[in-house]
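The values are calculated or read from the model by the stated rules, or taken from the named source; none is laboratory data. Computed from a prediction, not measured in an experiment: that's the story for all the values here. Note: ideal-geometry Cβ built from the backbone for every residue, glycine included; neighbour counts use all protein chains shown. Heavy atoms of the whole protein, side chains included, go into the accessibility calculation; ligands, DNA and RNA do not. Shrake-Rupley method; radii C 1.70, N 1.55, O 1.52, S 1.80 Å.
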Amino acid sequence: MNFKVISMFSGAGGLDMGFHNKGFQILWANDCAKDACETYDKWANYNSDGTRKNPEECTIIECGDISKLDLKGILPDIDIDVILGGFPCQGFSLAGPRQVDDSRNILYRHFVEIVKIKTPKVIVAENVIGIKTLGDGAVFNKIIDDFSELGYTMSAPTVNAKNYGVPQDRMRVIFIGIRNDICNGGAYIFPSGDPKIVTLREALADLGEVDMNDVCQSPFSSRYMSRNRKRGYEDVSFTIPAMAKQVPLSPDSAGMEFEDVDKFRFIGKNRRLSYKEAAAIQTFPARMEFCGDLDSKYRQIGNAVPVKLAEAIATEVNRILTARDLAPLLNFENPEAEIRGSSADKRITNTVISDKAFEYATLIEMYRELTENGWESDKLEIIKDKNYQNIEKAYQVFQGPDEDADDEDGLELLHVETLSNDYNKAARVAAIYLRMAEPILKPDTEMFGILRAMPDTAGTKGDVRDIDFTIFADREHKKRIHNIGISCKNNHEAVKHPRITEDPDFAKVWTNGLFHCSTEFINDMNDIFQKIDSYAQKYEKWSSVDNKMDAIYFPIIKSFVKEIRHLGIADENADILHTESAKKFTQAFFEYMFGTQDFYKFIKDDGAKATKVYPYNMHGSLMRPFHGHKNEQAAKTITMPEEIVEVRIKPKSKTTIEIYFDQWIISMRLHNADTKITRTSLKFDVQIKAQPRKVMGTILPWNSF
């Protein structure tokens, strides 16, 4: 069945093409841009040999201002199944003006009006993620309310296009509304996509030699040069923006090199992506013809929904319209969760990436704070190795969408300071706190410092620090004076996220071989692994396994509780040997969770618009006096636990372990970190539930400095 579609604010037709490719019939489309309408007409209404299709096969393309059209006159006698709309996003963009009353923000009202007139079964709209926070959420709430009042149950997942076959980091909100008589109040559960990416090498492989006439030659703005705008062939692209001069560099460019905070410099030969490369990254067909001048072509491409993402959306809409029983696809228990909150966030590995983005911001703000307060830049080095590149890439994803709106006079956009980013605000106040708290950071003694990002593998060896700052007395970095470590958390306070490893002997892994799990535990885990392997053959994702809680999670939890008790608890009747062994296991286990070295924990709290700082001074190395400087409120040394008092399964839970040390309590919640079923896809979320009073936290509002 060819479901009938009306499209609003269609542009060159990226969203429409995805639906067309999946068998939907686009009857009518509208946009105000003449070039975009001509582009749409060419792909939609002409055959490959250049002849025009029969009238009944063509899409009616109404080019003009939507506010001047008679909406009631659009296909008056035809029932419409789906209405699509990518209402203009410039006013919603995080990078552009964010006024609630921006005239472009109310164009969506015409979308609402056509939905009211045609009452389609499903409505679909796409927009930038800034729409969720514009006006402290007022615009987003208004949009949800408007469609709800028309009788639709909404979901609004946040997605990254790269998880749907698009070779590009592109964060977007997808609005999906289903008419209440069809869904009975259940909100659609949009799939999380696939973590396997399509690389730039794959996307650009068949384009051939680049014609420089297809490449924007405008001078590079200061805004462009404040960001490292290049990704390699084995990666995905940055967001393809609508403004030609902000398009990323091609993968074969030499690229940009960090010079200072908010400052990069070009090295070697560089060029922007051509518009044809940008179109391929947006997953348009290779031979698609775009009308207009070069700026217009870039604009049409950048404004479009990537075709592969559109196809993924169309696939879901087809499921909605064809499912015999829609209930399994809907959230009836908590429909609101598909609009707001963590379950509406479909950006795979979002927590991991956002933590790394905060790590980068912290490293940069430490550099900024020190060089602005007495440290000479030639005495402070950032190690730009693979670990640095990883956190830099994460920061580039989350520092804000890349949409850029040119003003009517064509004036160059003002440079947006990195400090306006929440990641940097959170890191900035923490860096100021650290400079004031650590006596050694006073600049009256000649010292040399190295800032570096720690490798992910450090955590497996008991080092939970993300940023390492080592201070030396000499330029050659041979005379080490001190070391300061920082752990960075974005909107969570998790201690660690240890995975279930292929080797079931967790004690060996977590204590560096000092202890080993019992044969009974290893046998139990191997039995569970066999079940996991059987599920992997039968199901594609963990979400498809109905009994995973009782068959997998709970047995793992029971086995871990029993084994931790066996290794870490010595009752009053235990002999000296077992008592000493339990004490050593307790210390090794605790150090694996909390680290073998002292550190500061920085927690970015978006809700409070503040950064929490906790000094974990377990070995007495934090805030020590230095050359006559002293912190009168220095953090006290924390007593390390010497025994595990109790280990239990959290009441009314099948996924969480609670471990009671002397003065400390931690919880370990088991969950699947990946959607794909593998042995190593399960991991623990370790949280502190109680800690000694000596761990004195400080809350730093972002506007306090």
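Some points to look at:
- For segment 532-546, the set of residues classified as in contact (Cβ under 8 Å) with a residue 24 or more places away in the chain and either touching a helix residue (DSSP H, G or I) at 6+ places or on another chain (Cβ under 7 Å) or polar (S, T, N, Q) (or both) consists of ILE532, TRP542, SER543, VAL545, listed by residue number.
- Take the conditions (1) assigned to a loop (DSSP other than H, G, I, E, B); (2) of a type in the set (Val, Ile, Thr); (3) modelled with pLDDT of 95 or more; THR501 misses just one of them, which is (3).
- Index of the failed condition, ALA610 passing every other in (1) at negative phi; (2) open to solvent by 20 Å² or more (accessible area, probe 1.4 Å); (3) of a type in the set (Gly, Ala, Ser): (2)
- Apart from one condition, ARG287 fits all of (1) at pLDDT below 95; (2) open to solvent by less than 40 Å² (accessible area, probe 1.4 Å); (3) not in a strand (DSSP E or B); the exception is (2).
- Scanning segment 7-37 for residues that are aliphatic (A, V, I, L, M) and open to solvent by 30 Å² or more (accessible area, probe 1.4 Å) turns up just one, ALA33.
- Candidates ASP466, ASP571, ASP546: the one that is acidic (Asp, Glu) and crowded, with 21+ Cβ neighbours inside 10 Å is ASP466.
- Here LYS683 fulfils each of the conditions (1) at pLDDT below 90; (2) crowded, with 17+ Cβ neighbours inside 10 Å; (3) within 24 Å of the chain's Cα centre (by Cα) apart from (1).
- Restricting segment 574-597 to residues that are acidic (Asp, Glu) and open to solvent by 60 Å² or more (accessible area, probe 1.4 Å), the residue that is modelled with the highest pLDDT: GLU580
- Qualifying residue in segment 223-236 (condition: surrounded by 13 or more Cβ atoms within 10 Å (Cβ to Cβ), over 21 Å from ALA394 (Cβ atoms) and modelled with pLDDT of 90 or more): no
- Test: ILE80 is under 37 Å from the mean Cα position of the chain (by Cα), surrounded by fewer than 24 Cβ atoms within 10 Å (Cβ to Cβ) and touching a residue at least 40 places away in the same chain (Cβ under 8 Å): yes
- Looking only at segment 39-77, and only at residues there that are in contact with a strand residue (DSSP E or B) (Cβ under 8 Å, 6 or more places away or on another chain) and part of a helix (DSSP H, G or I), the one that is nearest to GLY11 (Cα to Cα): TYR40
For (1) polar (S, T, N, Q); (2) open to solvent by 10 Å² or more (accessible area, probe 1.4 Å); (3) at pLDDT 95 or above; (4) assigned to a helix (DSSP H, G or I), each residue gets a yes or a no:
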site: PRO120; (1), (2), (3), (4): no, no, yes, no
site: VAL139; (1), (2), (3), (4): no, yes, no, yes
site: ILE143; (1), (2), (3), (4): no, no, no, yes
site: PHE147; (1), (2), (3), (4): no, no, yes, yes
site: THR153; (1), (2), (3), (4): yes, yes, yes, no
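Table: residues versus (1) within 22 Å of PRO219 (Cα to Cα); (2) among the charged types (D, E, K, R).
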| site | (1), (2) |
| --- | --- |
| ASP235 | no, yes |
| PRO241 | yes, no |
| PRO251 | yes, no |
| PHE258 | yes, no |
| LEU273 | yes, no |
| PHE284 | no, no |
| SER296 | yes, no |
| PRO328 | no, no |
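- Listed by position, the helices (runs of 4 or more DSSP H) inside segment 166-249 whose residues that are of a type outside the set (Ser, Thr, Tyr) number at least 3 are 180-183, 200-204.
- Residue match in segment 512-531 (condition: touching a strand residue (DSSP E or B) at 6+ places or on another chain (Cβ under 9 Å), farther than 26 Å from GLU493 by Cα and in contact (Cβ under 8 Å) with a residue 24 or more places away in the chain): no
- Verdict on ASP325 being at pLDDT below 95 and outside any helix (DSSP H, G or I): yes
- Qualifying residues in segment 650-680 (those that are within 17 Å of TYR616 (Cα to Cα) and not β-branched (Val, Ile, Thr)) - the one nearest to the chain's Cα centre (by Cα): TRP664
- Among residues that are closer than 25 Å to GLY485 by Cα, touching a residue at least 40 places away in the same chain (Cβ under 8 Å) and surrounded by fewer than 18 Cβ atoms within 10 Å (Cβ to Cβ), THR639 is included.
- Residues in segment 476-498 that are outside any strand (DSSP E or B) and either free of Cβ contacts under 8 Å to residues at least 24 places away in the same chain or out of contact with any helix residue (DSSP H, G or I) (no Cβ under 8 Å at 6 or more places or on another chain) (or both): GLU476, HIS477, LYS478, LYS479, GLU493, ALA494, HIS497.
- For segment 162-216, filtered to residues that are more than 30 Å from LEU294 (Cβ to Cβ) and of a type in the set (Phe, Trp, Tyr), the residue that is surrounded by the fewest Cβ atoms within 10 Å (Cβ to Cβ) is PHE190.
- For segment 511-545, a tally of residues being among the aromatic types (Phe, Trp, Tyr) and more than 30 Å from GLY568 (Cα to Cα) returns 3.
- Only one of the numbered conditions (1) in a strand (DSSP E or B); (2) over 30 Å from GLU580 (Cβ atoms); (3) touching a residue at least 40 places away in the same chain (Cβ under 8 Å); (4) open to solvent by 30 Å² or more (accessible area, probe 1.4 Å) is violated by VAL645, and that is (2).
- Complete set of residues in segment 686-698 that are in a loop (DSSP other than H, G, I, E, B) and either touching a helix residue (DSSP H, G or I) at 6+ places or on another chain (Cβ under 6 Å) or surrounded by 17 or more Cβ atoms within 10 Å (Cβ to Cβ) (or both): GLN691, VAL695
- For CYS32: the one exception among (1) out of contact with any Cys (no Cβ under 6 Å at 6 or more places or on another chain); (2) at pLDDT 95 or above: (2)
- Qualifying residue in segment 269-277 (condition: among the small types (Gly, Ala, Ser) and in contact (Cβ under 8 Å) with a residue 60 or more places away in the chain): yes
- Taking the criterion of being open to solvent by 10 Å² or more (accessible area, probe 1.4 Å) and among the hydrophobic types (A, V, I, L, M, F, W, C), the residues of segment 245-265 that qualify are ALA254, MET256, PHE258, VAL261, PHE264.
- Segment 430-475: number of residues that are of a type outside the set (A, V, I, L, M), over 30 Å from ILE500 (Cα atoms) and part of a helix (DSSP H, G or I): 3
- For segment 359-384, taking the residues that are open to solvent by 50 Å² or more (accessible area, probe 1.4 Å) and acidic (Asp, Glu), the one that is nearest to the chain's Cα centre (by Cα) is identified as GLU381.
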